[in-house]
Amino acid sequence: MRHRVLGGTGIEVSPYCLGTMMFGFIGNPDHDECARIIHTALDEGINFVDTADMYSAGESETIVGKALKGRRDDVVLATKVHFPMEEGPNRGGNSRRWIVRAVEDSLRRLGTDWIDLYQVHRPDHRTDVEETLSVLTDLVHQGKIRAFGCSTFPADQIVEAHHVADRRGLQRFRTEQPPYSLLARGVERHVLPVTERLGMGVLTWSPLASGFLTGRYRKDRAADLTTGRPALHPDRFDPSAPTTTAKLEAVERLVAVARELGCSLPELAIAFPLAHPAVTSVIIGPRTPEQLRAALKGRSVVLDDAALDRIDEIVPPGTDVYQPDGVWAPPSLTVPALRRRPAGSRSAA
């Protein structure tokens, strides 16, 4: 497997990054099988592993740590911080107080002395970004992390963070981890151009669009809403919803593209983000060994200009067929009072 340089860090990573969100009680609770998935990925040339403290409430990090014993030096290890890990105040977010504690907890669960890439999982409007960059810079100086990045940040906040880092003499975000797939191309509009301009590495997540690009969900098949993702989030698979209809219609046309290329729909889906010049690595998140083997089968798929032109016709560049789940929304959109004047002062007269 080839390697690409991760932003300006000088760290070389594989174009496939093994995501471990499905390891632990939320997906695969068999620690031994999860370890075998990790070992198979490493044996196949993947040297990049991504996890997060909140995946299965820390269980994923524990699994990864056990699996990497004896192979730690060969792996670029990434994890994330932000989401609450306990009940009560000050148990999450991007404050110095929380990050200083959270990184120690992650190091302990991972069984390592350092983290190669420590990522801020989401923005935190309550915490000044200078506070976050300051503590992350300190952790680099202390040798506990090698580099740091952000995940699912909007373009304007990425630019603001870089401006603050330059002005205050702090280290800057070296990477961004956005959602990006054949059905969710919104990051092409602003996020990916910004990361390119700033020389950042990019790890993309959800290449299979929450399962819609696996080939299991088609227009002519009724989805089983009792198992898997449909059971967890039936609203996302509601056949009467216009968004579901749009996704399924796009899938049918994308299946035809994959057939012409001689590959499967999942192979097409994973190859697509890697064709963008801003993308360093695409995160694949298998739950089973079979899912890993299926993803690895597509490592040699090459999308030529004709195939990419066909994809552009189906899902135009910079557009989303659906809004990826988990994308951060600013308070200006979620808090009505921030976009509404007092009732008595809304008229012109």
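The values are calculated or read from the model by the stated rules, or taken from the named source; none is laboratory data. Since the model is a prediction, treat every value here as computed from it, not as a measurement. FYI the Cβ positions are ideal-geometry reconstructions off the backbone, even for glycines, and counts take in every protein chain you see. These accessible areas exclude ligands, DNA and RNA; they are computed on the full protein's heavy atoms, side chains included. Shrake-Rupley method; radii C 1.70, N 1.55, O 1.52, S 1.80 Å.
Count of lysine pairs in the chain with Cα atoms under 19 Å apart, counting only pairs 8 or more residues apart in sequence or on different chains?
Taking the chain as the scope, the lysine pair count is 5.
Here are some values of log10 I(q)/I(0) by the Debye sum over Cα atoms at q = 0.06, 0.09, 0.14 Å⁻¹: (1) -0.22, -0.50, -1.21; (2) -0.45, -0.79, -1.25; (3) -0.30, -0.57, -1.06. Which one was computed from this structure? Read-out taken from this structure: (1).
Counting only protein heavy atoms and a 1.4 Å probe, the chain has 47 square angstrom of accessible area per residue. Taken over region 57-144, the percentage of Cα pairs per 5 Å bin, counting from 0 up to the bin with the maximum distance, is 3, 14, 26, 24, 17, 11, 4, 1, 0.
Sorting 347, 206 by accessible area puts them as 347, 206; the probe is 1.4 Å, largest comes first, and only protein heavy atoms count. A cut-off of 5 Å between modelled amide H atoms, ignoring neighbours fewer than 5 places along the same chain, links residue 76 with 48, 49. Taking a sphere under 14 Å around the Cβ of residue 194 and counting the other residues whose Cβ falls inside, with K and R at +1 and D and E at -1, yields a net charge of -1. Mean residue ellipticity, 222 nm, helices only, the chain: the sum of -39500 (n - 2.57) across DSSP H runs of n ≥ 4, divided by residue count and rounded to 500, is -11000 deg cm²/dmol.
Annotation note: trypsin sites (Lys or Arg not before Pro) in region 17-93 located in DSSP loop regions with a Cβ neighbour count of at most 11 within 10 Å are 69.
Local charge sum around residue 299 (other residues, Cβ-Cβ under 10 Å, Lys/Arg +1, Asp/Glu -1)? Combined, the nearby Lys, Arg, Asp and Glu give 0. Applying both filters, DSSP loop and at most 16 other Cβ atoms within 10 Å, to the GluC sites (Glu not before Pro) of region 30-120 gives 44, 86, 87. Here the gap between residue 140 and residue 216, fully extended at 0.36 nm per residue and compared with their Cα-Cα distance, gives a gain of 23.0 nm. Sequence-ordered 3J(HN,Hα) estimates for region 156-166 from the Karplus curve with 6.51, -1.76 and 1.60 and θ = phi - 60° stand at 5, 6, 5, 5, 4, 4, 5, 5, 4, 4, 5 Hz, glycine and proline given as x.
Please report the net charge: other residues with Cβ closer than 12 Å to the Cβ of residue 346, K and R +1, D and E -1. Around residue 346, the surrounding residues sum to +3.
Over region 1-116, what is the percentage of antiparallel beta bridges among all DSSP beta bridges, to the nearest 5? The partial results should precede the final answer.
Working: 2 of 8 bridges.
Just about 25 percent of them are antiparallel.
Annotation: amide H-H contacts under 5 Å for residue 184 (H modelled 1.01 Å from N, sequence separation of 5 or more, or interchain): 321.
For residue 23, the residues whose amide H sits under 5 Å from its own are 28, ignoring neighbours fewer than 5 places away on the same chain, with H placed 1.01 Å from N.
Give the shape of region 273-326 as rounded, prolate or oblate, defined through the alpha-carbon gyration tensor: a ≥ b ≥ c are the square roots of its eigenvalues, a/c under 1.5 means rounded, and otherwise the shape is prolate if a/b is larger than b/c and oblate if not.
On the way: a/c = 2.04, a/b = 1.36, b/c = 1.50.
Note, shape of region 273-326 comes out oblate.
Residues in region 302-314 carry Karplus couplings, in order, of 10, 8, 7, 4, 5, 5, 5, 5, 4, 4, 4, 6, 7 Hz; the curve used is 6.51 cos²θ - 1.76 cosθ + 1.60 with θ = phi - 60°, and Gly or Pro positions show x. Remark: region 335-344, residue by residue, has Karplus-estimated 3J(HN,Hα) of 10, x, 4, 7, 10, 10, 5, x, 3, x Hz, where x stands for each Gly or Pro and the curve is 6.51 cos²θ - 1.76 cosθ + 1.60 at θ = phi - 60°.
When the chain is fully extended, how far beyond the present Cα-Cα distance does residue 72 get from residue 338, taking 0.36 nm per residue of separation? Don't skip to the answer; put the middle values down first.
Numbers: separation 266, 0.36 × 266 = 95.76 nm, distance 4.73 nm.
Separation in residues times 0.36 nm, less the Cα-Cα distance, equals 91.0 nm.
Counting 0.36 nm for each residue step from residue 43 to residue 323 and taking away their Cα separation leaves a gain of 97.3 nm. For region 197-285, list log₁₀ I(q)/I(0) at each q in 0.25 Å⁻¹, using the Debye formula over Cα point scatterers of equal strength and ignoring solvent, two decimals each. Computed log10 I(q)/I(0) values: -1.24. In this Cβ point-charge picture (+1 for Lys and Arg, -1 for Asp and Glu), region 17-67 has a dipole of about 20 debye about its Cα centre.
In a reduced charge model with +1 at each Lys and Arg Cβ and -1 at each Asp and Glu Cβ, the chain shows a dipole moment near 560 debye about its Cα centre.
Residue 253 contributes an accessible area of around 120 Å² to the protein surface, as traced by a 1.4 Å probe with all chains present.
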